[in-house]
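As structure tokens, the structure follows; a few thoughts come after it.
The values are calculated or read from the model by the stated rules, or taken from the named source; none is laboratory data. Here the structure is a predicted model, which is why all the values come from computation and not from measurement. In this analysis, Cβ positions are derived from the backbone assuming ideal geometry, glycine residues included, and neighbour counts consider all displayed protein chains. Areas reflect the complete protein model, heavy atoms only, side chains present, ligands, DNA and RNA absent. Shrake-Rupley method; radii C 1.70, N 1.55, O 1.52, S 1.80 Å.
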Amino acid sequence: QVQLVESGGTSVQAGGSLRLSCAASGRTFSRYVMGWFRQAPGKEREFLAAISWTARTYYADSVKGRFTISRDNAKNTVYLQMNSLKPEDTAVYYCAASLDYSGTDYRRYDSWGHGTQVTVSS
């Protein structure tokens, strides 16, 4: 498994932008599919985006066009650029890793970070 640490969460006004980072340990980072999820209070964990080892990307309809996932294998880091933020984007954001799954089911991801809080005020 790979250890993951998210950063970059903070409070921002609606319409603003944030970039989240997820730093991974281990020498095999480039082989992992990396995903971003979020969870708001009282709601189920929600898939946002994933990026394969070939840099193919997948997005949830709710964030397509606003969020961009990317990875830097030399830095063992995956990013989530979030633009045009809305109050409903308020949640704890998690990154996750999987060796063989790039879908939306959070239960299929093997490793998780502890999350970073994003709060969007109107």
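Within segment 59-102, the set of residues being among the aliphatic types (A, V, I, L, M), in a strand (DSSP E or B) and either out of contact with any strand residue (DSSP E or B) (no Cβ under 7 Å at 6 or more places or on another chain) or open to solvent by 10 Å² or more (accessible area, probe 1.4 Å) (or both) comprises just one member, V92. For segment 8-21, the candidate set comprises residues that are assigned to a strand (DSSP E or B) and open to solvent by less than 60 Å² (accessible area, probe 1.4 Å); within that set, the residue that is farthest from T77 (Cα to Cα) is V12. Inclusion of A55 among residues that are outside any strand (DSSP E or B), closer than 18 Å to S30 by Cβ, in contact (Cβ under 8 Å) with a residue 12 or more places away in the chain and of a type in the set (A, V, I, L, M, F, W, C) is warranted. Could you list all residues from segment 22-41 that are of a type in the set (A, V, I, L, M, F, W, C) and either exposed (fewer than 13 other Cβ atoms within 10 Å of the Cβ) or closer than 13 Å to R71 by Cβ (or both)? Answer for segment 22-41, where residues must be of a type in the set (A, V, I, L, M, F, W, C) and either exposed (fewer than 13 other Cβ atoms within 10 Å of the Cβ) or closer than 13 Å to R71 by Cβ (or both): C22, A23, A24, F29, V33, M34, W36. Pairs meeting the criteria (first residue in segment 24-35 and in a helix (DSSP H, G or I) and modelled with pLDDT under 95, second residue surrounded by 12 or more Cβ atoms within 10 Å (Cβ to Cβ) and of a type outside the set (A, V, I, L, M, F, W, C), beta carbons under 7 Å, at least 6 apart or on different chains) are F29/N73; F29/N76; S30/N73.
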